[in-house]
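These notes are about the structure you will find just below.
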Amino acid sequence: PLAIGMVVVGTMFGVLAVDLPVYFSTQNQLQTAVNAAALAGARSLPDGEAAAEAAALEIAAENPVAGQTLTESNLTISYLDPTTRSMEVQGQADVPTIVAKFVCALQ
């Protein structure tokens with residue numbers, strides 16, 4: 001029983017050793033893509049909100065996250081203050097992990 005328990009625990013740590021870097025790498029890719037989209041959208045804000053949203057979506061689509069192309073369904077674009085012409089872009093992506101989902105959900 002002790003050997004079986006050690007094999008199970010060792011396997012879990014092995015999976016975590018692969019899962020956690022994938023999780024955090026995907027999170028970093030998503031943050032980079034969202035930042036690029038926000039900057040592109042902010043640059044186009046003087047041309048109007050529609051142009052800003054189109055620019056943000058175009059740049060986001062050029063920055064895949066874990067092999068996934070970001071689209072309107074993955075992004076939320078909101079305009080914070082019309083007088084200062086500021087916008088916020090939030091993104092969401094599926095992370096291809098097994099154990100890390102459960103570990104990070106506990107935090």
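The values are calculated or read from the model by the stated rules, or taken from the named source; none is laboratory data. Computed from a prediction, not measured in an experiment: that's the story for all the values here. Reconstructed Cβ throughout: ideal geometry from the backbone, glycine too, with neighbour counts over all protein chains shown. Note: areas computed on protein heavy atoms with side chains; ligands, DNA, RNA excluded. Shrake-Rupley method; radii C 1.70, N 1.55, O 1.52, S 1.80 Å.
Observations, loosely collected:
- Sequence-distant residues sharing a close amide H with SER86 (under 5 Å, placed H): LEU80, ASP81
- Cα centre as origin, Lys/Arg/Asp/Glu Cβ charges: the chain dipole, Debye: 420 debye
- Taking 0.36 nm per residue of separation and subtracting the Cα-Cα distance, full extension of the segment from LEU39 to ALA3 would add 7.6 nm.
- In the chain, the portion of solvent-accessible area held by carbon and sulfur atoms comes to 61 percent [1.4 Å probe, whole percent, DNA, RNA and ligands not counted].
- With viscosity 1.567 mPa s and temperature 4 °C, the Kirkwood radius over alpha carbon pairs of the chain converts through Stokes-Einstein to a diffusion coefficient of 82 µm²/s.
- Here the spin labels are modelled as points 7 Å beyond Cα on the Cα-Cβ line, and at GLN92 and THR32 they lie 2.4 nm apart.
- Percent of Cα pairs exceeding the 13 Å cut-off, where the set is the stretch 1-60: 69 percent
- Backbone phi angles across the stretch 43-60, fed through the Karplus curve with coefficients 6.51, -1.76 and 1.60 (θ = phi - 60°), yield HN-Hα couplings of 5, 9, 4, x, 7, x, 5, 5, 5, 5, 5, 5, 5, 5, 5, 5, 5, 4 Hz in residue order; Gly and Pro are listed as x.
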